[in-house]
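The values are calculated or read from the model by the stated rules, or taken from the named source; none is laboratory data. This structure is a prediction, so every number in the text was calculated from the model and none was measured. Glycine gets a Cβ as well: all are built from the backbone with ideal geometry, and neighbour counts include every protein chain shown. Only protein heavy atoms, including side chains, enter the accessible area calculation; ligands, DNA and RNA are left aside. Shrake-Rupley method; radii C 1.70, N 1.55, O 1.52, S 1.80 Å.
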Amino acid sequence: MDRTVLQARLEELRRERAEGMRALEALLRREADLRDTLRRIDGAMQVLNEMLGEASGGAP
């Protein structure tokens, strides 16, 4: 094969890889954000369950 063709394909693959890495990093950030949100929701649910238990005078 022509060296120019090989070099062009290599550059194309490098660009695709960089794009894939950026997409993966964005997904990982989104995952971390969702996990934080779920932890906050779980904490709020726990507090409300405890408050409901106290309000009813017993365990939830």
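Probe 1.4 Å, all protein chains in place: accessible area of Glu50 in Å², nearest 10?
100
Using label points projected 7 Å from each Cα along Cα→Cβ, tell me how many nm separate Thr4 and Arg29, to one decimal.
Modelled inter-label distance: 3.9 nm.
Could you state the accessible area per residue of the chain in Å², with a 1.4 Å probe and every protein chain left in place?
About 94 Å² of surface per residue is accessible.
Output ³J(HN,Hα) for the stretch 23-29: one whole-Hz value per residue in order, computed from phi by the Karplus curve 6.51 cos²θ - 1.76 cosθ + 1.60 with θ = phi - 60°, and x for Gly and Pro.
Whole-Hz 3J(HN,Hα) from phi for the stretch 23-29: 5, 5, 4, 5, 5, 5, 5.
Between Val47 and Leu13, what length in nm is gained on full extension when 0.36 nm per residue of separation is reduced by their alpha carbon distance?
7.1 nm
So how much slack lies between Asp36 and Met21, counting 0.36 nm per residue of separation and subtracting their Cα-Cα distance, in nm?
The span from Asp36 to Met21 would gain 3.1 nm if fully extended.
Can you run phi through the Karplus equation (6.51, -1.76, 1.60; θ = phi - 60°) for the stretch 8-17 and list ³J(HN,Hα) in whole Hz, with x for Gly and Pro?
With coefficients 6.51, -1.76 and 1.60, one gets 5, 5, 4, 5, 4, 5, 4, 5, 4, 5 Hz.
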